[in-house]
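Just so it is clear, none of the values below were taken in a lab; they were calculated from the coordinates. None of these values were measured; they are calculated from a predicted model. Glycine gets a Cβ as well: all are built from the backbone with ideal geometry, and neighbour counts include every protein chain shown.
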Amino acid sequence: MSAKKIFGIVLTLAGMAGLIYGGMDLSSGGVARASFVYLLLGVIFFFAGIKLLQNTRDKVV
């Protein structure tokens with residue numbers, strides 16, 4: 001497993017965590033600005049990780 005794939009997985013998991021935390025904070029009546037920051041960072045990390053995983057190819061030996 002290459003470093004790019006590991007980094008893509010980490011970014012995707014961080015994005016999912018940010019989306020979940022931001023959604024929970026927003027639904028529980030937290031500060032709206034902070035909730036949107038968590039949601040925005042979650043979306044950015046999630047899609048960056050997904051794109052990195054899609055664009056990383058394994059070498060066939």
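Structural remarks
- Value of [θ]222 nm, deg cm²/dmol, for the chain, DSSP H segments ≥ 4, -39500 (n - 2.57) each, nearest 500: -28500 deg cm²/dmol
- For log10 I(q)/I(0) by the Debye sum over Cα atoms at q = 0.14, 0.17, 0.29 Å⁻¹, calculated from these coordinates, the label among [x] -0.40, -0.56, -1.42; [y] -0.44, -0.56, -1.02; [z] -0.47, -0.61, -1.24: [y]
- Each Lys and Arg Cβ is given +1 and each Asp and Glu Cβ -1; about its Cα centre, the chain then shows a dipole of about 300 debye.
- Along the chain, longest interval not containing exposed trypsin sites (Lys or Arg not before Pro), exposed being DSSP loop plus at most 14 other Cβ atoms within 10 Å: 1-56
- Principal-axis analysis of the Cα atoms of the chain puts helix 32-55 at an angle of about 10° to the longest axis.
- Extreme residue, positive dipole direction of the chain, given options Phe36, Gly22, Phe46 (C-beta unit charges): Phe46
- Cα long-axis angle, helix 3-27 against the chain (0 to 90 degrees, to the nearest 10): 10
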